[in-house]
1. Could you count how many residues in the range 69-78 are over 15 Å from the mean Cα position of the chain (by Cα) and open to solvent by 100 Å² or more (accessible area, probe 1.4 Å)?
2. Given the options Ala56, Ala109, name the one that is outside any helix (DSSP H, G or I) and either hydrophobic (A, V, I, L, M, F, W, C) or at pLDDT below 60 (or both).
3. Over 28 Å from Ala7 (Cβ atoms), outside any loop (DSSP other than H, G, I, E, B) and in contact with a Cys (Cβ under 9 Å, 6 or more places away or on another chain): is that true of Gly28 in this structure?
4. Could you list, in sequence order, the residues of the range 5-46 that are of a type in the set (Asp, Glu), closer than 16 Å to Trp63 by Cβ and either surrounded by 12 or more Cβ atoms within 10 Å (Cβ to Cβ) or in contact with a Pro (Cβ under 9 Å, 6 or more places away or on another chain) (or both)?
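The values are calculated or read from the model by the stated rules, or taken from the named source; none is laboratory data. Nothing here was measured: the structure is a model prediction, and the numbers come from that model. With ideal geometry, Cβ positions are generated from the backbone for all residues, glycine too; neighbour counts draw on all protein chains shown. Protein only, heavy atoms only, side chains kept; ligands, DNA and RNA dropped before computing areas. Shrake-Rupley method; radii C 1.70, N 1.55, O 1.52, S 1.80 Å.
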Amino acid sequence: QLCAGVAMDFVGQLFCERTFQFFILLSGILGWIVGYIRQDFTITCYFLGAGSAVSALLCLPDWPLWNRHPLQWLPVDDDSDSEENVASAKGRQDGGGAPKGGKRGKKKAG
């Protein structure tokens, strides 16, 4: 892999998307201007293709640039697979737990 162990964060995703859009828009505008001056629509397509290639090269790999604000995950609870948790989860699957009406509390007398 190019950058093993690096994952793009949410801020990096936003910045990457805006960079991608900027290069596509810039190449489209420049291509349209040059194509208009030269009266050749093929030049516009070449500019769009080159802009797409440059933006893909910058935005598709998971560069460390896109991971400047990593997420801070909660620590793993070592007791998550204890017998009590497994038994309580099994009780919920078997119908134990909350009543079917979804309300907890005392039944009305009467």
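1. 6
2. Ala109
3. no
4. Within the range 5-46, Asp9 is the sole residue that qualifies.
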